[in-house]
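To start, the structure under review is shown below, and the notes come after it.
The values are calculated or read from the model by the stated rules, or taken from the named source; none is laboratory data. Model, not experiment: these values are computed from the prediction. Positions of Cβ are generated from backbone atoms using ideal geometry, with glycine treated the same way; all protein chains shown enter the neighbour counts.
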Amino acid sequence: MIKETLLAELKHEAEGTRRLFNSIPDDVLSYKPNSFNWSIAELASHTAEVYNWWTSVLNEDRTDLKNYTYDKGDISSMNAICAKLEENITKAISCIENYPEEKLMETWSMWNGPVNVMPEMPRAQVVRGFLMNHLYHHRGEIVAYLRANGKPVPGIYGPSYEEQMAMSN
């Protein structure tokens with residue numbers, strides 16, 4: 001039951017991420033609101049990467065960031081970032097579809113060498129509290145960045161402001 005719920009949420013939210021990514025034009029990829037934030041391209045790439053983390057959360061008892069590598073690929077175009085997103089979504093869906101329900105209550109933790117970054121907790125809690133919430137957080141940043149550039153934003157949970165204004169005309 002938990003597995004089916006997580007899978008349904010993953011698939012539903014993947015559609016929202018696709019809609020958002022498909023609304024990002026290449027001409028704003030280098031935008032960042034200040035010197036310490038990521039650019040839209042970096043933020044979109046990282047958001048796509050969150051789907052890649054399902055594999056380590058479900059298949060490792062402990063992830064050590066010192067040993068973690070991720071090939072983000074080409075982030076100079078949204079076509080390339082979207083291709084990476086699709087690759088990672090496919091892996092995440094396959095991973096949860098083939099995962100034994102009973103193992104979702106086994107624990108996982110994240111380390112950075114000797115430093116415990118995320119304490120041990122059940123994998124189901126990590127999926128909801130870390131993977132999915134992390135995704136929502138970064139999608140919200142992308143929405144803010146797009147609006148700061150005067151770009152329309154698609155609805156993810158119902159019509160966006162821009163869509164509502166278009167419907168009222």
Can you find a residue in the stretch 63-71 that is over 15 Å from the mean Cα position of the chain (by Cα) and closer than 18 Å to residue 129 by Cα?
yes
Taking the stretch 124-169 and keeping only residues that are more than 25 Å from residue 10 (Cα to Cα), of a type in the set (A, V, I, L, M, F, W, C) and in contact (Cβ under 8 Å) with a residue 40 or more places away in the chain, one is left with 148
Please identify the pairs in which a residue from the stretch 11-38 that is among the charged types (D, E, K, R) has its Cβ atom under 6 Å from the Cβ atom of a residue that is modelled with pLDDT of 95 or more and assigned to a helix (DSSP H, G or I), counting only partners at least 6 apart or on another chain.
26/78
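In the stretch 127-169, which residues are closer than 20 Å to residue 53 by Cα and either over 20 Å from the mean Cα position of the chain (by Cα) or part of a loop (DSSP other than H, G, I, E, B) (or both)? I'd like the intermediate steps shown before the answer.
Here is the first cut: in the stretch 127-169, the ones closer than 20 Å to residue 53 by Cα are 127-142.
Residues satisfying the conditions do not exist here.
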Positions within the stretch 1-25 being surrounded by fewer than 13 Cβ atoms within 10 Å (Cβ to Cβ) and of a type in the set (Gly, Ala, Ser), in sequence order:
8
Index of the failed condition, residue 162 passing every other in (1) of a type outside the set (A, V, I, L, M); (2) surrounded by 13 or more Cβ atoms within 10 Å (Cβ to Cβ); (3) modelled with pLDDT of 95 or more
(3)
If you check 69, 63, 107, which single one turns out to be loosely packed, with under 15 Cβ neighbours inside 10 Å, β-branched (Val, Ile, Thr) and within 27 Å of residue 21 (Cβ to Cβ)?
69
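Of 117, 143, which residue is on the phi < 0 side of the Ramachandran plot and either out of contact with any helix residue (DSSP H, G or I) (no Cβ under 8 Å at 6 or more places or on another chain) or surrounded by fewer than 14 Cβ atoms within 10 Å (Cβ to Cβ) (or both)?
Answer to the check: 117.
If you check residue 77 against the conditions, is it touching a helix residue (DSSP H, G or I) at 6+ places or on another chain (Cβ under 8 Å) and polar (S, T, N, Q)?
Details: touching a helix residue (DSSP H, G or I) at 6+ places or on another chain (Cβ under 8 Å): yes; polar (S, T, N, Q): yes.
It is true that residue 77 is touching a helix residue (DSSP H, G or I) at 6+ places or on another chain (Cβ under 8 Å) and polar (S, T, N, Q).
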